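Here's the structure, in structure tokens; my notes come after.
The values are calculated or read from the model by the stated rules, or taken from the named source; none is laboratory data. Predicted model, so just to flag it, every value in this text is computed and none were measured. Cβ placement follows ideal geometry from the backbone for every residue including glycine, while neighbour counts extend to all protein chains displayed.
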């Protein structure tokens with residue numbers, strides 16, 4: 001058997017991430033997140049390249065402040081941790097490899113175009129919905145917030161409905 | 001199973017960690033020193049029933065007839081207590097209500113099913129202590145209506161014509177509506193002593209609007 | 001099917017069922033008896049009728065009066081701006097919005113001061129903050145504010161000042177110079193708010 | 001009693017170390033469970049692989065149940081825990097957009113990061129798209145502002161919205177999740193295996 005396909009039991013991963021999330025709530029009072037860090041990075045990047053533009057932008061200016069609240073950069077470090085953790089796990093399981101993963105029915109090019117489009121949509125959607133699957137849906141569901149459940153239902157519901165049209169990309 | 005490890009060994013460990021966390025939590029849970037025995041609802045019911053309020057006439061009778069099974073506890077400060085107190089009463093300033101020896105005393109009283117009558121200068125002074133003791137499960141504790149002040153006659157107004165006992169402080173002493181009506185119509189001349197008429201509530205239709213809220 | 005999955009499923013169900021046996025989460029936030037006793041020790045929970053009168057006249061936005069008498073009494077006469085939460089109903093969750101106001105002093109009053117303090121004790125145990133009791137209640141209100149007694153001629157000047165203030169207050173509350181009804185007309189209609197409709201940052 | 005940081009129990013200098021460690025563990029388990037593979041992720045929508053559902057719900061339930069017990073044991077003050085604001089329209093529209101992004105891109109932000117970490121080029125492209133998307137959103141914010149700020153119901157809890165007791169809700173959630181876990185096994189057997 002190919003060692004690289006030897007993944008953890010998903011329930012094990014789920015319970016462990018659940019415990020981690022509990023620890024996160026215990027320590028920080030809020031859940032995990034990913035898109036927030038990307039947003040911070042975008043804002044910081046724009047701010048350093050064109051400070052005036054960032055300040056003029058109604059949305060970005062919300063996230064630029066002089067006081068250094070610990071939570072502002074918290075997510076960025078967390079995301080760096082995610083990258084490191086992923087790398088660690090991948091190297092232990094021998095999954096480190098440059099490749100484009102796609103269905104044999106489609107070309108790599110098509111896969112990459114769809115990936116870019118998907119990322120784009122996810123970027124817009126996560127800002128509009130104030131959180132992505134980890135920050136909004138998972139952490140939101142964990143604290144039993146209505147927002148978390150609605151977010152989960154609308155993300156996965158839409159994906160299920162739209163799945164038919166994109167089946168060629170995956171199966 | 002080709003791609004996903006469906007072995008459950010690791011999962012068992014994860015579940016074990018979770019469960020043992022909860023178990024540790026339960027073992028190390030700190031209990032408050034004084035635990036409420038009555039819920040808020042029970043406590044509300046208890047104060048509304050008025051059963052645990054003793055009226056001064058009753059207490060006078062008990063003391064005169066030297067009935068067994070009652071103990072008066074005076075919760076005022078020792079200085080006030082020395083100046084004058086109800087015969088046979090014990091002084092526990094309410095500031096020390098939860099001191100160890102006092103709690104032991106209340107425990108003993110409860111065990112011996114002795115009714116404890118808390119008394120302050122007025123009912124208000126003893127009210128908080130009484131409610132706390134009741135909520136902590138000392139169901140044998142009563143509060144003296146009117147307090148020491150009324151009992152001793154200090155706050156007794158012998159000129160009062162009201163038929164309502166003066167220790168019922170929650171009864172309206174005056175007909176508020178009438179006074180307000182007179183005031184608004186200007187029929188009360190300044191500094192004139194107002195005749196308080198008997199309290200027959202005259203219902204005045206008033207729109208129930210309130211200010212504030214949100 | 002792995003037998004362990006069934007075991008885990010049962011364990012999870014048991015944990016879920018265990019939730020039913022946990023007491024009301026609010027119980028954890030109840031103020032403990034020791035803390036209430038120490039609040040009783042300092043007498044700061046009492047406010048005088050004069051202070052209340054002054055704050056009403058100044059239209060102090062941080063004052064919120066709560067009438068704990070029965071509805072009949074409340075409808076007959078109440079202090080301007082007071083909301084009615086009868087003592088019997090103080091635990092009703094409908095009142096959360098009234099009792100949970102940041103930066104607002106909630107002053108309980110009744111005809112005397114026993115009911116008001118009982119409401120204070122219960123609300124205190126429920127963990128609400130900034131709670132006060134109007135000492136003497138409405139009976140005292142009428143003795144001091146509405147029908148102030150002229151101090152003896154030998155009394156100190158502070159007593160006369162207080163008397164003058166009370167006369168002024170009486171004038172105010174009887175609708176002399178300022179029409180109270182007009183003030184009240186702007187106010188909201190009395191509605192019991194449900195918790196669900198809380199709008200953040202409303203107050 | 002937690003949360004530690006918002007009550008200044010942990011010095012804020014430790015924040016970033018903690019963030020890094022938490023991120024690492026999160027990333028490790030995401031990757032090890034197979035979240036770095038977009039085709040594995042997408043499997044949940046076609047019925048050939050259910051790791052997303054299994055992982056997601058077992059995590060959510062562990063935390064939901066755990067938090068309630070923690071609160072009871074006095075470890076954490078739930079009133080200090082962040083609860084997501086419920087902006088109805090923004091959330092639903094955002095969710096729909098994210099759902100489309102998910103099925104097209106095959107990742108979500110967290111998983112694309114672990115994918116990128118082990119060298120998936122599509123994950124890199126997805127992350128690039130993510131940056132671009134957020135940039136576009138902030139540039140075109142006036143366009144979205146109406147939806148973004150409308151109908152805020154505040155940090156409501158789901159059992160309050162549904163009007164049922166919390167314990168019943170959590171218990172129901174557990175039963176639903178267990179039912180779904182059981183169903184996935186049945187569905188997976190019927191659906192044609194997909195090699196990837």
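Exactly one residue among A:76, A:100 is at the interface with chain D (Cβ under 7 Å from one of its Cβ atoms) and at pLDDT 80 or above, and that residue is A:100.
Of all residues in region D:76-96, those being without any contact (Cβ under 8 Å) to a residue 24 or more places away in the chain and either crowded, with 23+ Cβ neighbours inside 10 Å or more than 7 Å from chain A (Cβ to nearest Cβ) (or both) number 5. Within region B:101-138, being more than 10 Å from chain C (Cβ to nearest Cβ), touching a residue at least 24 places away in the same chain (Cβ under 8 Å) and not in a helix (DSSP H, G or I) holds for B:113, B:114, B:115, B:116, B:117, B:118, B:119, B:120, B:121, B:137, B:138. For residue D:91, are the conditions met, namely being farther than 19 Å from residue A:22 by Cβ, touching a helix residue (DSSP H, G or I) at 6+ places or on another chain (Cβ under 6 Å) and not in a loop (DSSP other than H, G, I, E, B)? Taking the combined requirement at face value, the residue satisfies it. Just one of the numbered conditions (1) surrounded by fewer than 22 Cβ atoms within 10 Å (Cβ to Cβ); (2) closer than 18 Å to residue B:9 by Cα is not true of residue A:40: (2). Looking at the structure I just gave you, is residue D:23 assigned to a helix (DSSP H, G or I), free of Cβ contacts under 8 Å to residues at least 60 places away in the same chain and within 30 Å of residue A:98 (Cα to Cα)? Yes; evaluated as a whole, the condition is true for this residue. If you check residue C:126 against the conditions, is it at pLDDT 85 or above, closer than 21 Å to residue B:124 by Cα, in contact with a helix residue (DSSP H, G or I) (Cβ under 9 Å, 6 or more places away or on another chain) and surrounded by 20 or more Cβ atoms within 10 Å (Cβ to Cβ)? Taking the combined requirement at face value, the residue does not satisfy it.
Among the residues of region C:121-135, which ones are under 9 Å from the mean Cα position of the chain (by Cα) and closer than 14 Å to residue C:69 by Cβ? Break it down stepwise before answering.
Restricting attention to region C:121-135, the residues satisfying the condition of being under 9 Å from the mean Cα position of the chain (by Cα) are C:123, C:130-133.
Once the filter is applied, which keeps residues that are under 9 Å from the mean Cα position of the chain (by Cα) and closer than 14 Å to residue C:69 by Cβ, region C:121-135 yields only C:133.
Of the listed requirements (1) more than 7 Å from chain D (Cβ to nearest Cβ); (2) touching a strand residue (DSSP E or B) at 6+ places or on another chain (Cβ under 8 Å), residue A:110 misses just one: (2).
Can you pull out every residue in region D:11-40 that is more than 7 Å from chain A (Cβ to nearest Cβ) and either modelled with pLDDT of 90 or more or more than 24 Å from residue D:125 (Cα to Cα) (or both)?
D:11, D:13, D:14, D:17
Please tell me if residue A:59 is surrounded by 20 or more Cβ atoms within 10 Å (Cβ to Cβ) and either at pLDDT below 80 or more than 7 Å from every other protein chain (Cβ to nearest Cβ) (or both).
It is true that residue A:59 is surrounded by 20 or more Cβ atoms within 10 Å (Cβ to Cβ) and either at pLDDT below 80 or more than 7 Å from every other protein chain (Cβ to nearest Cβ) (or both).
Out of C:86, C:93, one residue alone is surrounded by fewer than 16 Cβ atoms within 10 Å (Cβ to Cβ), touching a helix residue (DSSP H, G or I) at 6+ places or on another chain (Cβ under 7 Å) and touching a residue at least 12 places away in the same chain (Cβ under 8 Å). It is C:93.
Helices (runs of 4 or more DSSP H) fully within region A:35-132 that include at least 1 residues being touching a residue at least 24 places away in the same chain (Cβ under 8 Å): A:35-49, A:70-93, A:108-128.
Where helices (runs of 4 or more DSSP H) fall wholly inside region B:1-99, the ranges with 2 or more residues that are within 10 Å of another protein chain (Cβ to nearest Cβ), under 20 Å from the mean Cα position of the chain (by Cα) and closer than 23 Å to residue C:33 by Cα are B:40-49. Per this entry, residue D:73 is not counted among residues that are at the interface with chain A (Cβ under 7 Å from one of its Cβ atoms) and without any contact (Cβ under 8 Å) to a residue 40 or more places away in the chain. Within region C:98-114, the set of residues being closer than 25 Å to residue C:57 by Cα and in contact with a helix residue (DSSP H, G or I) (Cβ under 7 Å, 6 or more places away or on another chain) comprises C:99, C:106, C:107, C:108, C:109, C:110, C:111, C:112, C:113.
Can residue B:97 be described as in contact with a helix residue (DSSP H, G or I) (Cβ under 7 Å, 6 or more places away or on another chain) and free of Cβ contacts under 8 Å to residues at least 40 places away in the same chain? Walk me through it before giving the result.
Values: in contact with a helix residue (DSSP H, G or I) (Cβ under 7 Å, 6 or more places away or on another chain): yes; free of Cβ contacts under 8 Å to residues at least 40 places away in the same chain: yes.
Yes; evaluated as a whole, the condition is true for this residue.
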